[in-house]
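Visitor: Below you will find the structure I want to go over with you.
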Amino acid sequence: MPAVTRRQFVSRSALAVTGASVGPRLAAATQPDPAELQARPPLIISTWPFGKPANDAALAVLLRGGSGLDAVEQGIRVTESDPDNASVGLGGIPNADGVVQLDACIMSGPGHRAGSVAAVSGFRHPISIARRVMETTRHVMLVGEGAEAFAAEAGFERGPRVSPKQKAAWQRWKKEQAAQAKAAGKHPNHDTIALLVLRADGAVFGGCSTSGWGYKIPGRVGDSPILGSGLYVDDEVGAAGATGVGENVMRHCGSFLVVELMRQGLHPQEACLEAIRRMARKDPLGFNLSVNFIALDRQGRFGAAGTGTGFQYAVTCESFSRVLQSPGLTSADIGPVGGNRK
Ligand code: SD4
């Protein structure tokens, strides 16, 4: 399903104002139990329907003999390059000052290495900058001006700080803001690409990239570049990635939690569901957290889950490449949640 269709649906949904990431359920035939799909590594999964072309590019890299990190980077670059994607890359929705600030991270299971950048503007491929941080510095994360200076020094491709289309939309938003001072809390929908790779030999890799919450306060950083929140890779177990309201993912170290649940023996899909149940049980927001997870394990099993109606994710291996609907969780599934302490 094209992202734009989902976005139109979302814009009509009350949840859109909270940044919720929801989508219409697909027909039953497109919702097979992940356990029934014969997915053999190399296997790639990613968030949202726009992850599918990214997965396809990542698989092509692996089949050409490229590395797991190359697959993650090249896959995510496809999404970052899409000028019509308002959630990832320089086509993204800007911050409240009209500047697109990008967040990204990358992680390698082998060596347990990671690199990350946050609040970077004016560069097309934050995923590549994150990889360069990992491979050429003794640090894990660079932010803002420092990250931009690093990227400039390394010669990374520059781009506009906001696309003409998003600039016009931002100008309209500014006017509305001025007209109604109480627009706080109204933010356009936003998404993220988190992409996980399982190599044929069982090694695991992942990456995550986003322009984050539209019209965010300048300097706001979401979950996507935070290891353990928007992404976590553990070569002994598997990997998980997140999309949704980053503030809520971060407060629960969401992706780390999903990986730890897989370590305890849960199937990736059940690990995603259980992580959300656990978060919702203690969180005042309960199942209104607007969070979604994808996960895969070393055995080639995969799954996803989200709050509300769930969300769509893309799964690709040599025998198929398709968009699936995840299960969703609401309080109806386990009763009252949200914690009872102030
Ligand atoms: C963020 N998690 O910056 C990202 C945005 C996102 O669906 O994934 N929205 O909070």
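The values are calculated or read from the model by the stated rules, or taken from the named source; none is laboratory data. Everything quoted here is computed from the prediction, not taken from an experiment. Here the Cβ is made from the backbone with ideal geometry for all residues, glycine too, and neighbour counts use every protein chain on show. Heads up: the accessible areas ignore ligands, DNA and RNA and are worked out on the full protein's heavy atoms, side chains in. Shrake-Rupley method; radii C 1.70, N 1.55, O 1.52, S 1.80 Å.
Visitor: With point charges of +1 on the Cβ of Lys and Arg and -1 on the Cβ of Asp and Glu, referenced to the Cα centre of the chain, which listed residue (317, 35, 249) lies farthest in the positive direction of the dipole?
Guide: Of the candidates, 249 comes out farthest on the positive side.
Visitor: Of the options 105, 117, 65, report the single residue whose Cα projects farthest towards the positive end of the charge dipole of region 26-143 (beta-carbon charges: Lys, Arg +1; Asp, Glu -1).
Guide: Of the listed residues, the answer is 65.
Visitor: In a GNM of the chain with a 10 Å cut-off on Cα contacts, which of 206, 146, 241 has the highest mean-square fluctuation?
Guide: Evaluated over the chain, the most mobile residue of the options is 146.
Visitor: Tell me the Kirkwood radius of region 182-304: reciprocal of the mean inverse pair distance over distinct alpha-carbon atoms, in Å. Present the calculation step by step, with values, prior to reporting the outcome.
Guide: On the way: mean 1/r = 0.0692 Å⁻¹.
For region 182-304, the Kirkwood estimate is 14.5 Å.
Visitor: Taking only the alpha-carbon atoms of the chain, what semi-axes of the equivalent ellipsoid follow from 5 times the gyration tensor eigenvalues under a square root, in whole Å, largest first?
Guide: Values: eigenvalues 148, 127, 67 Å².
Sorted largest first and rounded, they come to 27, 25, 18 Å.
Visitor: Starting at the first residue of region 215-228, write each ³J(HN,Hα) from the Karplus equation 6.51 cos²θ - 1.76 cosθ + 1.60 with θ = phi - 60°, in whole Hz, x for Gly and Pro.
Guide: Values per residue, Gly and Pro as x: 6, 5, 5, x, x, 5, 10, x, 6, 4, x, 8, 4, x Hz.
Visitor: Lysine pairs, Cα distance under 20 Å, 8 or more residues apart or cross-chain: how many in the chain?
Guide: 15
Visitor: Still on this structure, please answer the following. Suppose accessible area is computed on protein heavy atoms with a 1.4 Å probe; arrange 330, 47 from highest to lowest. Intermediate values should be presented prior to the final figure.
Guide: Values: 330 55, 47 0 Å².
Most to least solvent-accessible, the answer reads 330, 47.
Visitor: Counting helices only, and only those DSSP H runs with n ≥ 4, report the 222 nm mean residue ellipticity of the chain as the sum of -39,500 (n - 2.57) divided by its residues, in deg cm²/dmol to the nearest 500. Walk me through the intermediate numbers first.
Guide: On the way: 10 runs with 108 residues, N = 342.
After summing the helix terms and dividing by the residues of the chain, the value is -9500 deg cm²/dmol.
Visitor: Among DSSP beta bridges whose residues both lie in the chain, state the antiparallel percentage, nearest 5. Display every interim value, and only then the final one.
Guide: Details: 49 of 55 bridges.
Of all bridge pairs located within the chain, approximately 90 percent are antiparallel.
Visitor: Within the set of other residues whose C-beta is less than 11 Å from the C-beta of residue 125, count the net charge using Lys and Arg as +1 and Asp and Glu as -1. Present the calculation step by step, with values, prior to reporting the outcome.
Guide: Numbers: positive: 77, 124, 131, 132, 158; negative: 73, 80, 157.
Here the charged neighbours net out to +2.
Visitor: Let me ask something additional. About the Cα centre, and with charges only on the beta carbon of Lys, Arg (+1) and Asp, Glu (-1), how big is the dipole of the chain? Nearest 20 debye, please.
Guide: Working: 36 positive and 30 negative charges, 227 e Å.
Roughly 1080 debye, rounded to the nearest 20.
Visitor: A further question follows. In the neighborhood of residue 166, defined by Cβ-to-Cβ distances under 12 Å, what is the net charge if each Lys or Arg adds +1 and each Asp or Glu adds -1?
Guide: Numbers: positive: 161, 165, 167, 172; negative: 84.
Value of the local net charge: +3.
Visitor: Based only on Cα atoms, what mean projected area does the convex hull of region 122-257 have, in nm²? Don't jump to the answer; show the numbers that get you there.
Guide: Details: hull surface 39.8 nm².
About 10.0 nm², averaged over all directions.
Visitor: When only Cα pairs under 8 Å and 6 or more residues apart are kept, what is the percent relative contact order across region 31-185?
Guide: Numbers: 239 pairs, mean separation 26.2, N = 155.
Relative contact order of region 31-185: 17 percent.
Visitor: I've got another one for you. What number comes out for the charge environment of residue 137, summing +1 per Lys or Arg and -1 per Asp or Glu over other residues with Cβ under 15 Å away? Don't skip to the answer; put the middle values down first.
Guide: Details: positive: 113, 131, 132, 138; negative: 135, 148, 153.
My count for the surroundings of residue 137 gives +1.
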